[in-house]
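FYI, it's all coordinate maths here, none of it is from the lab. Model, not experiment: these values are computed from the prediction. Ideal geometry is used to build each Cβ from the backbone, glycine not excepted, and the neighbour counts take in all protein chains shown.
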Amino acid sequence: MRKNTVLAVCGALVAIPAVSAGAMARAASDTGGHLVTVRKLDWKTAENLAHDAVLACEAQGYSVTATVVDPSGHPQAVVKGDRVPLQSLSVSYRKAYTAFSYGLAFNKNSTSELVAARLTGPVEGAVLATEPEVLFIAGGVTLRTADNTVIGGIGVSGAPGGDKDEACANAAVTRWQPMFR
């Protein structure tokens, strides 16, 4: 049976159930613990993925920036070509972020699929394109494991057209996806 502990908080009495350490341990073991495990690429694979996307575009004569984001939406790896404009850094991140976050939410594999679906957001909500960091332009690819778990995104920017950026991202993903386990 639980005991109640009474505390005075700002002049009011509040009853708080006293929970033993044993009860807390049982609750943690019943639910599998209090930690959440997140699947993500290791930094070496993320770096190789960005590197190969830049190389794929370089082979076609395009200097680009490639950014890989992890499941928190933060940049995990960035490779910037030698001759890319400054804005390619933020644009590649935003494409990767959009591919990850909205690819997860709407089960799409790329930013071009999101654009083609003409997603605008919930009827009662704001337009998705007005959200910070979101960019509905081709060039981002959702990263998925073999069991379809979304683990991040890659965005490429700097080629003359988002379709070319996305082709370079896809080339890198095709090469490295078997290692997304």
Mind checking which aspartates and glutamates have their Cα closer than 16 Å to the Cα of Lys95? Skip sequence neighbours fewer than 8 apart in that chain.
Asp70, Glu113, Glu131, Glu133, Asp163, Asp165, Glu166
With label points set 7 Å from each Cα along the Cα-to-Cβ direction at Gln60 and Thr130, the distance between them in nm comes to 3.4
Farthest toward the dipole's positive end in segment 132-181, which of Val134, Asn148, Cys168, given Cβ charges of +1 (Lys, Arg) and -1 (Asp, Glu) about the Cα centre?
Asn148
Measure out, as a whole number of angstrom, how far apart the alpha-carbon centroids of segment 52-76 and segment 135-181 sit.
8
Quick one: net charge around Thr111, please, counting Lys, Arg +1 and Asp, Glu -1 for every other residue with C-beta under 11 Å from its C-beta.
-1
Given pairs Lys80/Lys164; Lys44/Lys108; Lys40/Lys164 and cut-off 21 Å on Cα-Cα distance, the over-length ones are Lys44/Lys108; Lys40/Lys164
Each label sits 7 Å from Cα toward the beta-carbon; between His74 and His34 the label points are separated, in nm, by 2.2
